[in-house]
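The values are calculated or read from the model by the stated rules, or taken from the named source; none is laboratory data. Treat the numbers as computed from the prediction; the structure is a model and nothing was measured. With ideal geometry, Cβ positions are generated from the backbone for all residues, glycine too; neighbour counts draw on all protein chains shown.
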Amino acid sequence: MIVDRCIIDYHPQCPINSTGRVRVYVYDTRLDGPDQEQAQYAFLVACPIELYYYGTSYASLQDDVCPWVAKYRLEESNIRKDVRYCKIKAYVKLCTSKSPDEIEFRPPSFKIKSKLFNEEDVDCSHVARATKQPQLCRTRSTIETTGRHRPLLLPGLTFQQARSSIKDGFGEGKDLVVTVMSAMGEEQICALKDIGPKN
């Protein structure tokens with residue numbers, strides 16, 4: 001069985017004239033550092049609410065620890081410290097799909113459980129999808145370099161032509177500038193320039 005969402009049920013237990021807001025953070029412990037934060041909710045301290053967080057990767061009931069962690073704090077409130085002001089229950093939901101291949105992204109949502117409050121009293125945000133970072137598949141360590149290998153050349157210039165031009169140029173006493181670039185563990189002649197007679 002796999003889990004794809006968690007629900008945080010917030011019940012206020014404070015006087016009706018309590019002020020301030022509660023901020024709830026949802027973290028995924030499978031990531032490092034600040035990337036762990038996945039979603040954030042902010043709502044008035046007296047607002048009964050259900051918060052819904054949908055994971056973008058599955059968690060298993062067989063895991064020792066659920067990868068999602070929720071933390072909350074009270075901000076700008078007239079409630080004294082070390083006073084109980086709410087009751088919070090959190091639970092997970094099982095995936096209803098029989099053969100889940102790919103999880104569709106679903107933003108965090110909420111359900112207000114009182115007619116005294118509306119959507120303007122609640123704010124939520126979530127992380128964006130990571131930018132694509134393609135990596136080269138070939139590196140120097142994966143390229144077989146048995147013996148000497150000749151450099152690769154740009155289209156239109158064969159190795160024989162480049163070698164002949166360099167040999168003839170030096171034979172005539174000319175100064176030549178040969179620009180060689182290294183890419184993916186291989187050398188490539190990218191320019192051949194005659195800079196005049198040799199002094």
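Of the residues making up the range 71-108, not one is at pLDDT 90 or above, hydrophobic (A, V, I, L, M, F, W, C) and either under 24 Å from the mean Cα position of the chain (by Cα) or not assigned by TED's automatic domain parsing to the domain that holds ASP9 (or both).
Out of everything in the range 4-53 that is β-branched (Val, Ile, Thr) and crowded, with 19+ Cβ neighbours inside 10 Å, what residue ends up being nearest to ALA130 (Cα to Cα)? Don't jump to the end; show me each part of the working.
First pass over the range 4-53, keeping only residues β-branched (Val, Ile, Thr): 7-8, 16, 19, 22, 24, 26, 29, 45, 49.
If we keep only those that are crowded, with 19+ Cβ neighbours inside 10 Å too, we end up with 8, 22, 24, 26, 45, 49.
Details: ILE8: 26, VAL22: 28, VAL24: 22, VAL26: 18, VAL45: 33, ILE49: 30 Å.
Taking the candidates together, the pick is VAL26.
Number of residues in the range 23-50 that are out of contact with any Cys (no Cβ under 7 Å at 6 or more places or on another chain) and closer than 19 Å to LYS115 by Cα equals 7.
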